[in-house]
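Asker: Below is one structure. I have some questions about it.
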Amino acid sequence: MSFLRHLRTMLWLDLRQAWHGRLIHVCLGLGLVFGLAVRFALPAQLDLGDPPQVADLTEDGRFGTYFAEHGLAEAGAVHDSLEDLEAAVAADPDAIGLALTGTPAAPGATMILQGHEPESTVVALRSGIAGIWAENGVSRPRAHRLTVLRPERPRPPFNLSMIPMLLTIDVLVVGFFFGGVMVLQDRSLGTVGAYRVTPGGTGVYLASKILVNVILALVYTALLLVIAPPQAVPLLSLIAVVCLSSALLTTVGIGVAVFFRTLSSFFYPASLISLVLSAAMPAYFFPAFNTPWIRALPTYQAMFTLRELLLPSGRPSTLGEFCLTIGAGLVVALILTTLAVDRRLLREA
Amino acid sequence: MIRQLRALLSKDLKVARRDQIATYTLLGGILVALLARLFVPFLEDIQVTYAVAEGVPSGVTSTLEEHGRVERVSDREAVLARVIEVDDVVGVAPGEEGEVEVIVEGDEHPTILEAPGLAIDAYAAARSGVVQVSIEERSRGSGRTPLRSLVLALAIYSAVVISGAAVGLTMVDERENNTLAALRVTPARFLHYLLSKIGLITLVAAFTGPVAAWIAMGGAGAAIPWAGIILATVAITPLAWLLGLLIGLVADTQLVAFSALKVLLVLFTSLPILGFVDLGGFSWLLVPFAPHWGVQGMHAAITGGSMLPAVWTLVAVAPPLALVVVLLGRQVGLGRARRRVEAPVAGEAGGEAS
């Protein structure tokens with residue numbers, strides 16, 4: 001009972017500190033701004049890939065209709081000569097040029113590359129050119145059958161797919177920072193010295209900081225999801241993911257911060273750790289980017305678990321696996337951080 | 001003035017050395033550049049992963065190895081289990097009547113949906129003796145991808161700009177430790193205080209900009225456009241001043257400083273990415289936004305483009321910087337205490353004269 005009483009007192013003090021430190025204002029402000037951006041500013045469809053620049057140099061001009069059907073003529077990507085095509089490719093460092101030549105009996109093509117394309121892209125382009133000719137007069141056997149596991153589930157809208165990323169980066173990674181900064185603020189204001197002579201122990205001190213950040217994470221999440229509703233909101237699962245992830249990263253943040261004396265000295269190491277945690281972002285937008293070290297990041301797992309909860313694709317749920325992994329990580333982090341806080345902060349002479 | 005400025009700068013350097021801020025500030029920018037250099041190759045060569053079951057013809061597997069990464073698994077069930085994981089993996093299993101079954105989830109990028117089938121058909125066509133497409137390849141010889149230029153520009157720009165953050169945080173430390181109150185009884189004026197702060201930021205930026213560029217762009221032996229990089233660093237440095245002084249202006253405690261940083265770093269280092277996206281009718285919104293021009297200036301330096309964006313950075317940063325300096329001057333109040341002390345003396349003298 002006394003633990004709960006001490007925790008309540010400490011929690012109240014930490015919440016007041018978070019209010020005076022504008023942490024709550026920042027959470028609410030960013031939740032509001034990002035929510036409005038997702039709802040009203042970001043487009044539902046975003047295709048970052050430029051269409052190829054093309055030219056139909058065949059004797060009978062057989063690709064005119066094909067180019068029109070694929071929207072290339074409308075996009076201004078069709079050129080009349082190889083010189084025009086080369087000029088268009090030269091003007092855009094992202095562009096790839098493709099001129100189709102010859103006849104169905106002797107099909108040909110000229111690829112104009114920038115020179116920086118990876119070999120796998122060039123190989124894929126060669127297969128793609130053969131495929132284009134196959135649709136336009138060159139007969140060839142079809143050697144594959146495509147099985148689509150979930151044809152009824154297309155890619156989610158781009159704007160809504162930003163929500164899991166924003167929740168991960170702006171709520172969970174910030175928990176890492178907030179936790180650390182609250183400890184450093186306590187140290188700077190002499191609160192730690194005063195706390196040492198109170199009956200509250202390391203557990204109360206740590207639990208209070210974690211709870212404050214979990215509350216902030218839940219408030220931000222609620223605000224963002226109210227302003228920009230995703231396709232589904234499974235409340236209990238969502239709360240479990242946000243609470244566990246926020247608690248883990250806050251605990252790690254506190255564990256790291258006790259080794260520093262001021263926010264200025266904590267800022268850069270913490271920024272670098274945040275930068276590494278944020279490396280999961282490209283993998284979220286390009287899921288083919290799946291190197292083992294990226295997949296091992298807690299932010300990678302949190303992002304995709306949140307995506308499955310908020311924008312369900314029909315995949316089997318990974319929630320149980322996520323909770324077990326992050327839960328185990330939290331237990332380890334709590335043990336190590338409790339030791340670190342006890343030895344380096346609360347028992348410090 | 002020079003003596004007072006040197007004394008203040010020396011004090012700031014001592015504080016920075018004591019708390020290892022200087023080390024972290026210098027290393028921070030360099031590490032950002034190093035991370036960018038290590039990370040970009042991963043991004044440039046994102047390959048599709050194929051989960052290929054036993055029994056798929058070895059020629060098909062070899063063809064897929066040219067197109068991406070191949071993970072060999074035991075059977076179709078294992079392929080299905082791998083495909084439904086969260087990352088984009090295309091499954092390939094033996095099909096009926098000599099066909100190969102390509103298994104996808106359905107929400108992959110369109111190119112990932114089409115590419116494996118095209119590759120397998122091209123392989124089968126080559127084996128069956130049907131007419132082949134004769135392909136000529138021409139290369140423009142450009143070695144640096146647009147993505148690389150963008151990431152390097154952002155990394156070098158960020159390395160320079162965040163050097164302001166550390167100095168901003170030391171200003172908050174000064175306020176918390178009452179150093180400012182002590183300074184008010186010295187001959188130091190706000191101009192000295194301001195010059196010592198921006199002098200320190202400039203020293204750090206002058207180091208981190210070129211070093212970050214050297215590391216990010218390939219180190220020894222790499223062709224680095226030094227003139228453009230130095231010009232862009234000079235143009236970006238006032239943005240670092242702005243960031244540092246803004247933190248010093250709005251934050252009275254470390255906690256508030258962090259809250260401010262959370263917002264300011266989004267403005268200074270995240271939003272400029274919008275300059276590389278087609279915003280359609282909204283692109284004019286970026287015109288007065290100095291961080292946008294800063295990143296564009298560094299990007300131009302790297303790609304050998306026009307350095308006009310660097311000039312625009314200086315123009316766009318001037319009004320907010322002037323405003324922050326004025327507000328900071330009022331807040332810091334250096335030089336006023338002495339005037340307040342001197343004023344009654346003057347009043348008394350006037351009284352006696354009358």
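The values are calculated or read from the model by the stated rules, or taken from the named source; none is laboratory data. From a predicted model like this one, the values you see are computed outputs, not experimental measurements. We place every Cβ from the backbone using ideal geometry, glycine too, and count neighbours over all the protein chains shown. Protein only, heavy atoms only, side chains kept; ligands, DNA and RNA dropped before computing areas. Shrake-Rupley method; radii C 1.70, N 1.55, O 1.52, S 1.80 Å.
Asker: Using only protein heavy atoms and a 1.4 Å probe, report how much of residue B:128 is accessible, in Å² to the nearest 10.
Answerer: Here the accessible area works out near 70 Å².
Asker: So if we plug the beta-carbon distance of residue B:308 and residue B:130 into 1/(1 + (r/R0)^6) with R0 = 60 Å, what FRET efficiency do we get, rounded to 0.05? Numbers along the way, then the final one.
Answerer: Working: r = 54 Å, r/R0 = 0.90.
Here the calculated transfer efficiency is 0.65.
Asker: Of B:10, A:317, A:120, which has the most accessible area with a 1.4 Å probe, and how do the rest follow in descending order? Walk me through the numbers on the way to the answer.
Answerer: Numbers: B:10 45, A:317 90, A:120 10 Å².
Correct descending sequence by accessible area is A:317, B:10, A:120.
Asker: For the protein assembly as shown, just run the numbers: alpha carbon Rg, then divide by 2.2 N^0.38 Å, N being how many residues it has. List each step's numbers first, then the result.
Answerer: Values: Rg = 29.6 Å, N = 703, 2.2 N^0.38 = 26.6 Å.
Cα-based Rg divided by the globular estimate yields 1.11.
Asker: Using a 1.4 angstrom probe on the protein heavy atoms only, could you order A:243, A:27 from most to least accessible area? Don't skip to the answer; put the middle values down first.
Answerer: Working: A:243 35, A:27 15 Å².
Most to least solvent-accessible, the answer reads A:243, A:27.
Asker: How large is ³J(HN,Hα) for each residue in region A:89-101, as worked out from phi by the Karplus curve 6.51 cos²θ - 1.76 cosθ + 1.60 (θ = phi - 60°), to whole Hz, x for Gly and Pro?
Answerer: Karplus-based 3J(HN,Hα) across region A:89-101 equals 5, 5, 6, 10, x, 8, 7, 10, x, 9, 10, 9, 10 Hz.
Asker: Determine the gain in length on full extension of the stretch residue A:231-residue A:37; use 0.36 nm per residue of separation and subtract their C-alpha separation, reporting nm with one decimal.
Answerer: Working: separation 194, 0.36 × 194 = 69.84 nm, distance 1.69 nm.
Answer, rounded to one decimal: 68.1 nm.
Asker: Could you pull the Cα extents of region A:53-134 along its three principal axes, largest to smallest, in whole Å?
Answerer: Answer, in whole Å and largest first: 32, 25, 22 Å.
Asker: What 222 nm value per residue comes from the helices of chain B, counting each DSSP H run with n ≥ 4 as -39,500 (n - 2.57) and dividing by all residues, nearest 500 deg cm²/dmol?
Answerer: Values: 14 runs with 234 residues, N = 354.
Here the helix-only value at 222 nm equals -22000 deg cm²/dmol.
Asker: Rank these residues by their accessible area, most exposed first, probe 1.4 Å: A:167, B:203. Present the calculation step by step, with values, prior to reporting the outcome.
Answerer: Values: A:167 5, B:203 100 Å².
Solvent-accessible surface, decreasing: B:203, A:167.
Asker: Helix A:235-257 against the longest principal axis of chain A: what's the angle in degrees, Cα atoms only, rounded to the nearest 10?
Answerer: 70 degrees
Asker: Take every Cα pair under 8 Å in region B:47-128 that's 6+ residues apart, average their separations, divide by the length, and report that relative contact order as a whole percent. Can you show the working numbers first?
Answerer: Values: 126 pairs, mean separation 25.6, N = 82.
Relative contact order comes out at 31 percent.
Asker: Further question: Which of the GluC sites (Glu not before Pro) found in region A:2-82 are loop residues per DSSP with 16 or fewer other Cβ atoms within 10 Å of their Cβ? The partial results should precede the final answer.
Answerer: Details: sites: A:59, A:69, A:74; in loops: A:59, A:74.
For GluC sites (Glu not before Pro) across region A:2-82 that sit outside H, G, I, E and B with at most 16 neighbouring Cβ atoms in 10 Å, the list reads A:59, A:74.
Asker: Related question: Using each residue's phi in region A:299-310, evaluate 6.51 cos²θ - 1.76 cosθ + 1.60 at θ = phi - 60° and report the 3J(HN,Hα) Karplus result to the nearest Hz, with x for Gly and Pro.
Answerer: For region A:299-310, the Karplus-derived couplings read 5, 4, 5, 5, 4, 6, 5, 5, 4, 5, 6, 8 Hz, x marking Gly and Pro.
Asker: Right, here's the next one. Can you give me the relative contact order of chain B as a percent, contacts being Cα pairs under 8 Å and 6 or more apart? Working shown, then result.
Answerer: Details: 457 pairs, mean separation 69.6, N = 354.
Worked out over chain B, it gives 20 percent.
Asker: Give me, ordered by chain and number, the residues 5 or more places off residue B:109 or on other chains with an amide H under 5 Å from its own placed amide H.
Answerer: Distant-sequence amide H within range of residue B:109: zero hits.
Asker: Sorted from largest down, what three extents in whole angstroms do the Cα atoms of chain B have along their principal axes?
Answerer: 116, 43, 41
Asker: Would you calculate, for chain A, the mean residue ellipticity at 222 nm contributed by helices, counting each DSSP H stretch of 4 or more residues as -39,500 (n - 2.57) and dividing by all residues, to the nearest 500?
Answerer: Details: 15 runs with 206 residues, N = 349.
The helix-only estimate for chain A comes to -19000 deg cm²/dmol at 222 nm.
Asker: A follow-up question, please. If you average 1/r over every pair of different alpha-carbon atoms in region B:47-128 and take one over that average, what Kirkwood value in Å do you get? Could the numbers behind the result be given before it?
Answerer: Values: mean 1/r = 0.0800 Å⁻¹.
So the Kirkwood estimate lands at 12.5 Å.
Asker: Whole-Hz Karplus ³J(HN,Hα) for region B:151-163, in order, using 6.51 cos²θ - 1.76 cosθ + 1.60 and θ = phi - 60°, x for Gly and Pro?
Answerer: Once rounded to whole Hz, the list reads 5, 5, 4, 5, 5, 5, 4, 5, 4, 6, 5, 6, 5.
Asker: A further question follows. Looking only at region A:53-134, where both bridge partners belong to it, what percent of the DSSP beta bridges are antiparallel (to the nearest 5)?
Answerer: Details: 6 of 14 bridges.
Restricted to region A:53-134, the bridges split so that about 45 percent are antiparallel.
Asker: What is the set of long-range amide H partners of residue A:147 at a cut-off below 5 Å, with H atoms built 1.01 Å from backbone N?
Answerer: Amide H to amide H, under 5 Å and 5 or more residues apart or across chains, residue A:147 pairs with B:102, B:103, B:104.
Asker: Calculate, in nm to one decimal, what residue A:295 and residue A:139 gain on full extension: separation in residues at 0.36 nm each, minus their alpha carbon distance.
Answerer: On the way: separation 156, 0.36 × 156 = 56.16 nm, distance 4.23 nm.
Gain on extension, residue A:295 to residue A:139, equals 51.9 nm.
Asker: Return the equivalent ellipsoid semi-axes of region B:153-310 as a descending list in whole Å, where each equals the square root of 5 times an eigenvalue of the C-alpha gyration tensor. Please list the in-between numbers first.
Answerer: Working: eigenvalues 188, 73, 33 Å².
Working from the Cα gyration tensor, I get semi-axes of 31, 19, 13 Å.
Asker: So for chain A, what percent of the C-alpha to C-alpha distances run longer than 33 Å?
Answerer: Details: 28265 of 60726 pairs.
For chain A, the share of Cα pairs beyond 33 Å comes to 47 percent.
Asker: With every protein chain in place, what's the accessible area of residue A:196 (1.4 Å probe, Å², nearest 10)?
Answerer: Residue A:196 exposes around 90 Å² with every protein chain in place.
Asker: Relative contact order (percent) for chain A, with alpha-carbon contacts under 8 angstrom and 6 or more residues of separation? Let's see the in-between values first.
Answerer: Working: 404 pairs, mean separation 73.6, N = 349.
About 21 percent, as a whole number.
Asker: With every protein chain in place, what's the accessible area of residue A:58 (1.4 Å probe, Å², nearest 10)?
Answerer: Residue A:58 has an accessible surface of roughly 20 Å² with all protein chains in place.
Asker: Want the number for residue A:222 to residue A:4: 0.36 nm per residue separation, take away the alpha-carbon distance, what's left?
Answerer: Numbers: separation 218, 0.36 × 218 = 78.48 nm, distance 2.62 nm.
Additional length available on full extension: 75.9 nm.
Asker: Which far-off residues, 5 or more places away or on another chain, put their amide H under 5 Å from the one on residue B:139, with H placed in the peptide plane?
Answerer: Residues meeting the amide H criterion: A:113.
Asker: On to the next question. What residue among B:186, B:196, B:243 has its Cα farthest toward the positive end of the dipole of the protein assembly as shown, where the charges are +1 on Lys, Arg and -1 on Asp, Glu, each on the Cβ?
Answerer: Highest projection toward the positive end goes to B:186.
Asker: Something else: Tell me, Kirkwood radius of region B:1-144 from alpha-carbon pair distances, in Å? Write out the running numbers ahead of the final one.
Answerer: Details: mean 1/r = 0.0504 Å⁻¹.
Mean inverse Cα-Cα distance, inverted, gives 19.9 Å.
Asker: Mind checking the mean number of beta-carbon atoms from other chains within 10 Å of the Cβ atoms in A:281-288? Please list the in-between numbers first.
Answerer: On the way: counts 0, 6, 6, 1, 1, 6, 12, 14.
Per residue, the number of nearby Cβ atoms from other chains is 6 on average.
Asker: Between helix A:263-277 and chain A, what is the angle of the helix's C-alpha long axis to the longest principal axis, kept within 0 to 90° and rounded to the nearest 10?
Answerer: 40 degrees
Asker: Among the aspartates and glutamates, which fall within straight-line cross-link reach of residue B:14, defined as a Cα-Cα distance under 20 Å, with same-chain neighbours fewer than 8 residues apart omitted?
Answerer: B:173, B:174, B:176
Asker: Quick one: helix A:2-20 against the long Cα principal axis of chain A, what's the angle to the nearest 10°, folded into 0 to 90?
Answerer: 60 degrees
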